[in-house]
1. Among the residues that make up the stretch 167-180, is at least one of them touching a strand residue (DSSP E or B) at 6+ places or on another chain (Cβ under 7 Å) and at pLDDT 95 or above?
2. So which residues in the stretch 239-261 are near the ligand (Cβ under 6 Å from one of its atoms), at pLDDT 95 or above and of a type in the set (Gly, Ala, Ser)?
3. For the stretch 180-292, give me every one of the helices (runs of 4 or more DSSP H) that falls completely inside it and has 1 or more residues that are within 22 Å of PHE5 (Cα to Cα), among the polar types (S, T, N, Q) and touching a residue at least 24 places away in the same chain (Cβ under 8 Å).
4. When the residues of the stretch 83-108 are narrowed to those that are crowded, with 16+ Cβ neighbours inside 10 Å and free of Cβ contacts under 8 Å to residues at least 60 places away in the same chain, which ends up farthest from the ligand (Cβ to nearest atom)?
5. Within the stretch 216-238, how many residues turn out to be within 25 Å of GLY289 (Cβ to Cβ) and more than 15 Å from the ligand (Cβ to nearest atom)?
6. Touching a His at 6+ places or on another chain (Cβ under 6 Å), surrounded by 24 or more Cβ atoms within 10 Å (Cβ to Cβ) and in contact (Cβ under 8 Å) with a residue 24 or more places away in the chain: which single residue out of LEU47, LEU57 fits that description?
7. Would you kindly identify the strands (runs of 3 or more DSSP E) lying entirely within the stretch 21-108 that contain at least 2 residues that are modelled with pLDDT under 95?
8. So how many residues does the stretch 304-320 have that are more than 15 Å from HIS44 (Cβ to Cβ) and part of a loop (DSSP other than H, G, I, E, B)?
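The values are calculated or read from the model by the stated rules, or taken from the named source; none is laboratory data. These numbers come from a predicted model, not from an experiment. Cβ: placed from backbone, ideal geometry, glycine included. Neighbour counts: every protein chain shown.
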Amino acid sequence: MKRLFTMGEALIDFIPEEKGTKLKDVGGFEPQVGGAPANVAATHAILGGESFLLTQLGVDAFGDKILDTLEGAGVKTEYITRTQQANTGLAFVSLDDTGNRDFSFYRNPSADLLYHPSQIDGIEFSADDILHFCSVDLVESDMKLAHEAAIGKMKTAGGTIIFDPNIRLPLWEDKAAYQETVQSFIPMADIIKVSDEEIRFITGIEDEKKAISALFTGNVKVVIFTKGPDGSEVILKDNTMFSHPGYTVLTVDTTGAGDAFIGAVIHKLTESGSSPYSTLAETGREVLGFANAVGAMTTMKKGAISSIPDKHEVETFMGGLQ
Ligand code: ATP
């Protein structure tokens, strides 16, 4: 069975009880387990796949909550470690009237950033495996070094590497260093997932088409481009392109939509008997249709993991549209 390993932060998102209020004025928050790598691992597991999260939590109630939630979603937690040296990361969120977000992060550093490269030593990867990572945990830390170790090990094993930068500007004081860091990790990946909101920051290029082309450096063979309510595109190295317009739904909270989307893409890649590249070259539009459905459905409820649909719910949603 093809396995998914996601790497990076698992944290508690404090979601506001009301929309349309600035973060400083929010009166009450609801704790929800989040962090993009955790959301992606949970999506693949809820859809029926095998996923492992590589992270570290504090020895605190929020760490316990994350472990319980991930186990409840079916994520394999044997590579999640705990430390007394730092607390589990927290993120406070406000939502505008359309469900878009503003963040304030509490991680100075959080337990995930202390995850050491040696913690990768005991993990065996194979050519069928997929490693997915984001940029939030690429700040200068042991966790960044652990990413480099995991990427090197996955490459040696012949597996597939997916980088989903998931830009969170408030986390980096030095925006140029952030851009440089993201750009330095892009050539290490086989597949890049970016959104229309972040591609200009990542590449420094205004023109969208030119910016997408600029992502094809190093090992990159596929770019997956998401456009919020307007769906998504797959662009292959040979310039083949597929697009799907997405679905119109009543959006409540977009937290985790991109993570659910890429988790669903990965799910389709693991179900296929072919390589990820061939699967996207042969069935790109079908993969996007499924992933757009999962992404759209996730926006219909509050929270990230708690709003991920299972396969039956996705099939019912897609079937109801025909
Ligand atoms: P995130 O908000 O998690 O950071 P992202 O910016 O990475 O997401 P988006 O492009 O916003 O990615 O969304 C990913 C996918 O989720 C879209 O391609 C689409 O399929 C779905 N999606 C997101 N927002 C909406 C929406 N308002 N209505 C319908 N589908 C949506």
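1. no
2. Residues of the stretch 239-261 that are near the ligand (Cβ under 6 Å from one of its atoms), as a first pass: 246-247, 249, 251, 254, 256-259, 261.
From what's left, at pLDDT 95 or above: 246-247, 249, 257-259, 261.
The answer is GLY246, ALA257, GLY258.
3. Result: 257-271.
4. THR83
5. Here is the first cut: in the stretch 216-238, the ones within 25 Å of GLY289 (Cβ to Cβ) are 216, 220-238.
When the remaining residues are screened for being more than 15 Å from the ligand (Cβ to nearest atom), the result is 216, 220-222, 236-238.
So the count comes out to 7.
6. On the way: LEU57 fails: touching a His at 6+ places or on another chain (Cβ under 6 Å).
Residue meeting the stated conditions: LEU47.
7. Numbers: elements: 29-34, 50-58, 80-83, 89-95, 101-106.
Passing ranges, in order: 29-34, 89-95, 101-106.
8. 1
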